[in-house]
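Only one structure is covered here, and it is reproduced in the block below.
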Amino acid sequence: MRAKRNAGMEWGMVRVGVVAGALGSWVGSRLRRGLATRRRMASCPTSGLQSWLASRVWLVSWVCLVWAASICMALGAPAAGADAPPAYVLGPGDEISVSALGAEELAAHPLRVDPSGDIDPPLIGHMHVGGLTLEQLRTELNTKLQTQLKHPQVTVAINEFRSQPVSVMGAVNKPGVYQLQGDKNLVEVLSLAEGIRNDAGSSIRITRSVDQGELPLLGATPDASGKFITAEISLQEALDGRGAAGMLSIRPHDVVSVARGQTVYVVGDVKKSGGFALGERQRISVLQALSLAEGLGPMAAPDGAKILRATGQDSARTEIPVNLKRMLSGKAEDVALKPDDILFVPNSTTKNIALRSLEAAVNIGTGVTIWRVGLPRP
């Protein structure tokens with residue numbers, strides 16, 4: 001039976017050791033012949049040659065021993081597998097590899113966990129693995145194989161993580177579906193998506209399937225279907241690790257959606273042009289926006305500034321004249337900006353075509369830097 005195969009493997013390792021020993025002896029004999037030749041031809045003392053021979057024989061014997069040991073370990077040990085967190089729980093879609101000393105059939109093909117959480121490995125047959133960690137599965141496989149093999153030494157590795165998907169959407173740098181590969185909190189999941197964008201808002205929406213358990217957040221409510229629970233949390237609290245948001249553990253099939261913040265743009269002859277992302281409920285005025293842009297440029301014409309505001313009809317915008325010079329001197333009232341407004345500050349050489357070019361760049365989202373800012377909410 002399989003015990004005979006184990007014995008054959010052990011005998012093979014013995015033969016490798018014998019070959020290594022023979023190689024060491026042959027090399028030693030060649031060195032002794034070289035010594036005899038050097039004694040006849042060299043004028044150096046015999047004791048020096050003996051020391052030289054002893055050091056060389058010792059070195060070659062040591063190399064042969066290490067070589068033999070490495071081969072024996074390679075033949076005798078199961079194949080190493082992919083790293084996986086110790087607490088990772090297997091589920092449908094995961095692909096695993098199983099190997100055992102003396103059972104080559106197990107390692108012939110990877111095993112895919114089916115939708116019921118089952119696998120059907122050779123020599124063992126149908127077994128349920130869903131909900132088991134890798135160590136628990138290895139223990140079960142060892143127990144089942146001991147009826148056929150002596151000291152099976154089972155190794156289990158995960159080839160593909162497929163059973164713990166989480167969706168990260170919205171204002172993140174790399175939205176998509178990621179595998180949790182063990183316990184992860186909200187910040188760790190956001191890092192899988194390479195962090196938040198500069199135009200991210202101030203809240204995150206978490207959606208969880210009811211079969212994954214409760215969503216321990218204030219204000220969590222079920223949707224109309226009763227199959228999902230949703231809640232909104234503060235992005236800043238999550239990033240700071242504060243409160244329930246900072247401690248939230250993400251579960252398989254959760255959907256994490258980072259809201260896109262409101263953005264206003266300041267372009268033209270200012271010191272720091274670009275878009276300034278605000279929270280969903282934050283408000284900003286013309287002078288506040290100008291302050292975020294670090295003030296007027298040296299050639300600015302503040303009395304000719306304009307607000308370009310979307311009309312809701314495709315990309316068309318209406319022009320609203322604003323006199324920054326009078327606002328800055330306190331002779332005109334500050335004006336509130338709306339989301340996606342463009343504050344344009346011309347200079348004495350700016351032509352209308354330049355204004356249209358800047359407007360087009362904002363509309364298509366190219367060539368405009370977005371700055372993330374924080375303003376007090378009303």
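Numbers for the structure displayed
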{"quantity": "Selected residue (criterion: modelled with the highest pLDDT) from residues of region 65-109 that are within 27 Å of residue 165 (Cα to Cα) and loosely packed, with under 14 Cβ neighbours inside 10 Å", "calculated": "109"}
{"quantity": "Candidate set from region 226-282 (those that are part of a loop (DSSP other than H, G, I, E, B) and on the phi > 0 side of the Ramachandran plot); member that is surrounded by the most Cβ atoms within 10 Å (Cβ to Cβ)", "calculated": "253"}
{"quantity": "Selection status of residue 278, touching a residue at least 24 places away in the same chain (Cβ under 8 Å) and not assigned by TED's automatic domain parsing to the domain that holds residue 199", "calculated": "yes"}
{"quantity": "Conditions (1) part of a helix (DSSP H, G or I); (2) free of Cβ contacts under 8 Å to residues at least 40 places away in the same chain; (3) more than 27 Å from residue 209 (Cα to Cα): number failed by residue 191", "calculated": "(3)"}
{"quantity": "Within region 283-327, tally of residues that are surrounded by fewer than 18 Cβ atoms within 10 Å (Cβ to Cβ), in a loop (DSSP other than H, G, I, E, B) and under 46 Å from the mean Cα position of the chain (by Cα)", "calculated": "11"}
{"quantity": "Single residue of region 141-161 satisfying the filter (assigned to a loop (DSSP other than H, G, I, E, B) and of a type in the set (S, T, N, Q)) that is nearest to the chain's Cα centre (by Cα)", "calculated": "153"}
{"quantity": "Enumeration of residues in region 179-201 that are among the hydroxyl-bearing types (Ser, Thr, Tyr) and either assigned by TED's automatic domain parsing to the domain that holds residue 101 or crowded, with 20+ Cβ neighbours inside 10 Å (or both)", "calculated": "none"}
{"quantity": "Leading residue by the ranking (modelled with the lowest pLDDT) among those in region 142-192 that are aliphatic (A, V, I, L, M) and closer than 17 Å to residue 98 by Cα", "calculated": "149"}
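The values are calculated or read from the model by the stated rules, or taken from the named source; none is laboratory data. Because the structure is predicted, anything quoted here is derived from the model rather than measured. A quick note on method: Cβ atoms are made from the backbone with ideal geometry, for glycine too, and the neighbour counts reach across all protein chains shown.
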